[in-house]
Amino acid sequence: MRTCAKLSVPVLAIVLAALLYQWARPLLAADVDAPARGIAGIVKAEGGRPLAGVWVTAVNSTTASHPRKTAVTDENGRYVIRDLPGPNPYQVRARVYGYADRWIKNVSAGTVVNIEYLAQDRLGTKETAAQYPAQYWLSLVDVPSESKVKAAGFQDRRHWMGQFNMVCQLCHQLGTAATRRPKTRDEWDAVLKLAGNMDGFANLLNRDLLLDTLAAWSEKIKGGATPPEAPPRPAGKAAEYVLSEWEVGTPFSYQHDLAAAYVWDPAIGAAPPRGATGKWVYTGDIGWGTIYGVNIESGQVKVWEIPFVPAQRWAFQSWSVYPWKSNPHTLEVDKDGRLVILADISDEDGAGAFPVGNRDIVIFDPRTEGWIPIVTKCDTHTLRIDQQGRYWLSGNIDLLCMYDPKTKTERQWDLPVAFKSIGGFLYGIDVAPDGTVWFSQPFGNSIGRYDPATDTIKQWEVPAPGYGPRRLRTDSKGNVWLPLVSGHVGVFEPKTERFRFWATPGPKRQSPPGSTAYHYNLFVDRTGNAGKRDTVYISGTDSDSIVAFDPEREAFVTYRVPTSGFFIRELEAFDGAIWTVYSNESRSPDSSGSRCPGKVRRSVSAAGRCSLQFGNREPGACAGTRRHHASPPAPSRATPVSGHPTALLDITVSNLLKLE
């Protein structure tokens, strides 16, 4: 594993001064019993009243991956964390909206740990608002008028705002401390020029219109505006879960996807590495061309560099901090426990959606640590494996692709409705139990189906109020579930060709009224591995949450996490839980002054055992010393870009997470 880079001495002194005040002394109580391999206690507010909805996290800093577990206090302020990872000692953190973090050092398993907040721990209105998820700050954005968006070439405000959500939150949240820091119109323009993707998408949205919108948002915040709504503290079913996390990666890791189990039978997990045993989950670092493996029982972490690097460099078409590597995107587990990875490994493939940097396929067998490269004619972006072992691939404009590893043959299908532009880009893809293949075209606001029985393709436009389908999934009945950038979850019923939509929970934009939620991905638990069969787990990509939806009851449960900037994509079911890897743009200094790597998380829901695994570090979560700042933290300094400001983006961090 790589080691973390050290913070400079001046920064270290500031971090320690801010944190030392938060260390609290544990109080023992006779009315709560702690399990032998866990901790328990009561959290109280000033005056001694029980405090519900507090995240209590136990961090093990003696294991390299710093595994940790989080539980939420109930209505009586009680919490229990069982089966603590690794050996003693632990650091315990309490976090809740409206208060500064409290910390307790050198805690041993079997200890009762009570925490009581004092009056000086309570935060003011602006300090509390600084703790809110990004989407609450994004609700302050005013959408341009209908006349302005039409003059810019868009159908209507729904169309422009859908594209805004899609491209401005493609790789990070909009509304975090770094992104909401007030900037002038010229400063916003400089920010957009920091990365090729951002610069190009700004032009797609009409640059002048976008800059006017962002500058007006900044002016609101500069003038003292705070979100009109506050996130609720976890309560009821939304508090009945446990999160487990492991750190993965380096300070600049960009953990994009993960692989935990064979989707058709989640009892088949990814194989352990050569010479190892136990249960392992793997993540892909798109920025550095590496694959990480985490032993979720011991916390051991291993890393491999994909051994194929093409000569033509495209550097992820993003931040120049990334070296030229293979840019792994999707990872899937096949029925033999191997990893099937989409990565750029060759210069032999022709230009497709992008002029250079087209991804291919590489198979990695952890048991032998051997690699099998497969060069494809198609670009590859998202991968799903059907029950015959064939690889269905998105990543091209107006083109569906399939590769059969048994016959080593590849096939492409031209789509009947061709956009001949970015609107035709295939992104999400999935295979239904009946063998039909479904895909999404988010920029074209469309979905489509390939029917192997008739060798035909049909496409549908997503109607209002939905917009922008991304990584879709099918349920056990063959219905198609859509995560939408419009703040909805949708379903398409093939038998009736009917769309249905539900607005997901969260704050609403005021001008005009509308959702600020952004959903990159969802996962449908077709087998019931993590709980109730066909439960839909939605990436709360800008809300620091995973949202569960029960189609039978048409009911949502939001599992909020204590991590700011919790940007998640892929979700999977494995080991009775939901897993994900997440990223954000914050630094996480630990008590030793080092920047910690990313983390993996796991959570358990008592009401249905839903588990989530996430990657990418959270702000300040290193070695359990992260705390909410009394005011928004100063952004970290990026490498200077000629002619542009440098204090505009924070360092990316990565974690693996499990939700139970």
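The values are calculated or read from the model by the stated rules, or taken from the named source; none is laboratory data. This is a predicted model, so every value here is computed, not measured. In this analysis, Cβ positions are derived from the backbone assuming ideal geometry, glycine residues included, and neighbour counts consider all displayed protein chains. Protein only, heavy atoms only, side chains kept; ligands, DNA and RNA dropped before computing areas. Shrake-Rupley method; radii C 1.70, N 1.55, O 1.52, S 1.80 Å.
Structural remarks
- The residue that is nearest to residue 521 (Cα to Cα), among those in the range 145-191 that are of a type in the set (A, V, I, L, M, F, W, C) and out of contact with any helix residue (DSSP H, G or I) (no Cβ under 8 Å at 6 or more places or on another chain), is 161.
- Residue that is most open to solvent (accessible area, probe 1.4 Å) [pool: residues in the range 357-385 that are in a loop (DSSP other than H, G, I, E, B) and within 14 Å of residue 333 (Cβ to Cβ)]: 367
- Residue check for residue 106: among the polar types (S, T, N, Q) and closer than 22 Å to residue 569 by Cα: no
- Of the strands (runs of 3 or more DSSP E) that lie entirely inside the range 51-150, not one contains 1 or more residues that are free of Cβ contacts under 8 Å to residues at least 12 places away in the same chain and of a type in the set (Ser, Thr, Tyr).
- Checked against the criterion of being within 25 Å of residue 273 (Cβ to Cβ) and at pLDDT below 95, the candidates 338, 359 yield just one match: 359.
- First in the range 263-290 and open to solvent by less than 10 Å² (accessible area, probe 1.4 Å) and among the charged types (D, E, K, R), second anywhere and at pLDDT 95 or above and part of a loop (DSSP other than H, G, I, E, B), Cβ under 6 Å, 6 or more apart: none
- Per this entry, residue 525 is not counted among residues that are modelled with pLDDT under 95, open to solvent by less than 10 Å² (accessible area, probe 1.4 Å) and over 20 Å from residue 423 (Cβ atoms).
- Among (1) open to solvent by 40 Å² or more (accessible area, probe 1.4 Å); (2) at pLDDT below 50 - the single one residue 15 does not satisfy: (1)
- Matching residues in the range 409-456 - criterion: being closer than 30 Å to residue 161 by Cβ, among the β-branched types (Val, Ile, Thr) and surrounded by fewer than 22 Cβ atoms within 10 Å (Cβ to Cβ): 417, 422
- Residue 196 vs. criteria over 22 Å from residue 467 (Cβ atoms) and not acidic (Asp, Glu): yes
- Extreme residue, farthest from residue 512 (Cα to Cα), among residues of the range 209-219 that are surrounded by fewer than 17 Cβ atoms within 10 Å (Cβ to Cβ) and in contact (Cβ under 8 Å) with a residue 40 or more places away in the chain: 212
Condition check ((1) in a strand (DSSP E or B); (2) closer than 15 Å to residue 439 by Cα; (3) touching an Asp or Glu at 6+ places or on another chain (Cβ under 9 Å)) across all residues:
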| residue | (1), (2), (3) |
| --- | --- |
| 465 | no, no, no |
| 477 | no, no, yes |
| 481 | yes, yes, yes |
| 490 | yes, yes, no |
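- Positions within the range 151-172 being open to solvent by less than 10 Å² (accessible area, probe 1.4 Å) and either hydrophobic (A, V, I, L, M, F, W, C) or assigned to a loop (DSSP other than H, G, I, E, B) (or both), in sequence order: 160, 164, 166, 169
- Breaking point among (1) under 27 Å from residue 231 (Cα atoms); (2) open to solvent by 20 Å² or more (accessible area, probe 1.4 Å), for residue 519: (2)
- Of everything listed in (1) within 24 Å of residue 383 (Cα to Cα); (2) touching a strand residue (DSSP E or B) at 6+ places or on another chain (Cβ under 8 Å); (3) charged (D, E, K, R), the single unmet condition for residue 508 is (1).
- Looking only at the range 561-579, and only at residues there that are assigned to a strand (DSSP E or B) and within 18 Å of residue 169 (Cβ to Cβ), the one that is nearest to the chain's Cα centre (by Cα): 568
- Top-ranked residue in the range 122-148 [being of a type outside the set (Ser, Thr, Tyr) and more than 30 Å from the chain's Cα centre (by Cα); ranked as surrounded by the fewest Cβ atoms within 10 Å (Cβ to Cβ)]: 146
- Scanning the range 44-65 for residues that are open to solvent by 10 Å² or more (accessible area, probe 1.4 Å), among the small types (Gly, Ala, Ser) and under 29 Å from residue 282 (Cβ atoms) yields 61, 64.
- For the range 66-83, taking the residues that are open to solvent by less than 10 Å² (accessible area, probe 1.4 Å) and more than 19 Å from the chain's Cα centre (by Cα), the one that is farthest from residue 241 (Cα to Cα) is identified as 77.
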